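Below: one structure, written as structure tokens.
The values are calculated or read from the model by the stated rules, or taken from the named source; none is laboratory data. Fair warning: this is a prediction, and the values are worked out from it, not measured in the lab. In this analysis, Cβ positions are derived from the backbone assuming ideal geometry, glycine residues included, and neighbour counts consider all displayed protein chains.
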Amino acid sequence: MSKLLVSNFIRIRCSLSFCLSLAFILVWNAFMLFSSYEVMTKYNEKLALDGMLFSFLIIIGIILSVIISLFIGTDYNDGTIRNKILVGHSRQHIYLSNFITCALVGVILSVWGIIVNLAIGVPLFGTPEMALNGMTLLIADTLLVCIAYASVYNMIGMLCSSKSHTVMICILISVVLFFASVYLYSSLSQPEIIDAAVSVNGNFSFEQMPNPMYLTGIKRQIYQFFMDFLPSGQCAQIANLEVLHPYRLGVYSIIIIAVTNLFGLFVFNKKDIK
Amino acid sequence: MEYVLTTQALSKHYGHFKALDHLNMKVPKGAIYGFVGKNGAGKTTLIRLICGLQSPSEGEYTLYGKKNTSKSLHDARRRMGAVVETPSIYLNMTAEENLKHQYIILGKPSFEGIDELLNLVGLGHAGRKKAKNFSLGMRQRLGIAIALAGDPDFLVLDEPINGLDPQGIIEIRELILKLNQEHQITFLISSHILDELSRLATHYGFIEKGHIVREISAEELEAACRKCMHIEVSDIRALIRFLDKEKLDYKIISDTQADIYGHTDITDMTVKLAEEDCKIITINEKDESLESYYIRLVGGEDYE
């Protein structure tokens, strides 16, 4: 499998989409940091770097969907996956080497995002204020969720024989996941009590009353579960530093990685390749 | 005789469609095995199976004596190279990069021999050009170079001269003959271009509706190909009457032309036809080609 890994690493290193992604994360992070810095100086507020340290996670799902689908799809599009099988590499090794490569791409992008934020953010906002343990936990969750994304996209790429279909499906899934997380996040962020304007004899006054949009009971638990389980939900929580269950997020990512790889391997082993 | 590849009742079904139906074939070591069949006969399906791209629905095959169910098949597969349908090359890489990549996948310790390989397939001048800018013929040659990177003893080529210009066809033919004669590489070549195949093949396998209808060596084919006499006459009815009377096997080509199989006394025929006022306009002997043998074997009506 090491031969396949070396071959993949050389390909990804020369990949235009990978290099552009690194550049895009740099620009995105710089934009977010300088925008916040402008707000901070304008309103003379004190902002901590912590809230911006993982801002790139909002878009990491979409970025990974593009890189991975193009990388895996090319093997089918150019027919080069046949060369790997023909020279005697087993299907398990081909699948796993691609997963490891995609996972490494996810790890590199997230580490790059953090390094860029620290490199630009520390001179502007000072060092992060959160405890080292908390930050380590968030970084671990970040790496795991990126590997979970990679695992899902790798599975789609390996099971779909058409590059254009792979790219389309991966990007579509990333967008659907993104909007699902936006919906879940906004639903869960609803305040329990709201100020409502009440008119009595033509006089308006504000009264505190229960928010009808506030989720309670089993519905809230279900929404929270999906927010914790879906990679996009995890990314939203980490990016906003609103992680309620840091250990649970890691476990869910590990479950996604295990299930997608086992299913992908099982189907890929039986797949007819043209 | 030692065989590189044998198949026993090999079948492949896609739903209810039987792409291969209990196919039996044997590719002798050192042969150039011409695999002949019409579109959809199952040629590419068989190649996909033996390359490990797909699994058989029934039956089995052995490659260098290793059964397809055996774990050591991977080792046997290292002794083969293939170009299946389109050449398997990274289009955004140069020819040299593609070969380096294949060397890495093969686990070769160095990139030694890449220049020689490019020269061998006639791409010595194009090593640094991106494959996406290659002509179809150049891509085909690069595909063969990649298949040769693992120093195979058995090379499978699926329609290797499709889309090539006349010069490219000659070059590929010479390359195949050179590799077969100088490097003792066994070839399995599927092709529609029967005339071209007949210049190369030492053995033939004719496939029809998923199974081999005949396996034959080039010598046997030559012996089996019937010689015939092509005749053009002024009155075809008179000729038919004569041929029927003499109980000769024949085929009417047009209102004035026919092919006569088997031996016939030309003097006698000339006299008899003259008695019926029928003139012989032209007469010549002709050999049956691989193409006509194939059409006779599988039936010409639905030949594509």
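Quick one: in the range B:220-240, of everything that is at pLDDT 90 or above and in contact with a Lys or Arg (Cβ under 9 Å, 6 or more places away or on another chain), which residue is surrounded by the fewest Cβ atoms within 10 Å (Cβ to Cβ)?
Here the residue is B:SER234.
Condition check ((1) in the same structural domain as B:ILE193 (by TED's automatic domain parsing); (2) of a type in the set (Ser, Thr, Tyr); (3) surrounded by fewer than 18 Cβ atoms within 10 Å (Cβ to Cβ)) across all residues:
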{"position": "B:LEU10", "(1), (2), (3)": "yes, no, no"}
{"position": "B:VAL36", "(1), (2), (3)": "yes, no, no"}
{"position": "B:THR45", "(1), (2), (3)": "yes, yes, no"}
{"position": "B:ILE50", "(1), (2), (3)": "yes, no, no"}
{"position": "B:SER70", "(1), (2), (3)": "yes, yes, yes"}
{"position": "B:ALA76", "(1), (2), (3)": "yes, no, no"}
{"position": "B:ALA82", "(1), (2), (3)": "yes, no, no"}
{"position": "B:GLU96", "(1), (2), (3)": "yes, no, no"}
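Just checking: which of the strands (runs of 3 or more DSSP E) contained wholly in the range B:25-144 hold 1 or more residues that are more than 14 Å from chain A (Cβ to nearest Cβ)?
It comes to B:32-36, B:58-63.
Does B:ILE283 fit the bill of being among the aliphatic types (A, V, I, L, M), loosely packed, with under 15 Cβ neighbours inside 10 Å and in a strand (DSSP E or B)?
yes
Pick from the range A:69-99 the residues that are among the β-branched types (Val, Ile, Thr) and in contact with a Gly (Cβ under 9 Å, 6 or more places away or on another chain): which of them is surrounded by the fewest Cβ atoms within 10 Å (Cβ to Cβ)?
Only one residue tops the list, namely A:ILE85.
Can you find, within the range A:1-57, the residue that is nearest to the other protein chains (Cβ to nearest Cβ) among those that are in contact with a His (Cβ under 8 Å, 6 or more places away or on another chain) and crowded, with 19+ Cβ neighbours inside 10 Å?
In this case the residue turns out to be A:SER7.
Results for (1) under 27 Å from A:ASN98 (Cα atoms); (2) touching a residue at least 24 places away in the same chain (Cβ under 8 Å); (3) not charged (D, E, K, R), shown as yes or no for each residue.
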residue	(1), (2), (3)
A:PRO212	no, no, yes
A:GLY217	no, no, yes
A:ARG220	no, yes, no
A:TYR223	no, yes, yes
A:GLN234	yes, yes, yes
A:LEU241	no, yes, yes
A:TYR252	yes, yes, yes
A:THR260	yes, yes, yes
A:LEU265	yes, yes, yes
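Scanning for something within 12 Å of another protein chain (Cβ to nearest Cβ), closer than 25 Å to B:LEU49 by Cα and either of a type in the set (Val, Ile, Thr) or part of a helix (DSSP H, G or I) (or both), does the range B:201-208 turn up at least one residue?
Taking every residue of the range B:201-208 in turn, none turns out to be within 12 Å of another protein chain (Cβ to nearest Cβ), closer than 25 Å to B:LEU49 by Cα and either of a type in the set (Val, Ile, Thr) or part of a helix (DSSP H, G or I) (or both).
Tell me which residues, restricted to the range A:1-42, are basic (Lys, Arg) and under 30 Å from A:THR80 (Cβ atoms).
Once the filter is applied, which keeps residues that are basic (Lys, Arg) and under 30 Å from A:THR80 (Cβ atoms), the range A:1-42 yields A:LYS3, A:ARG11, A:ARG13.
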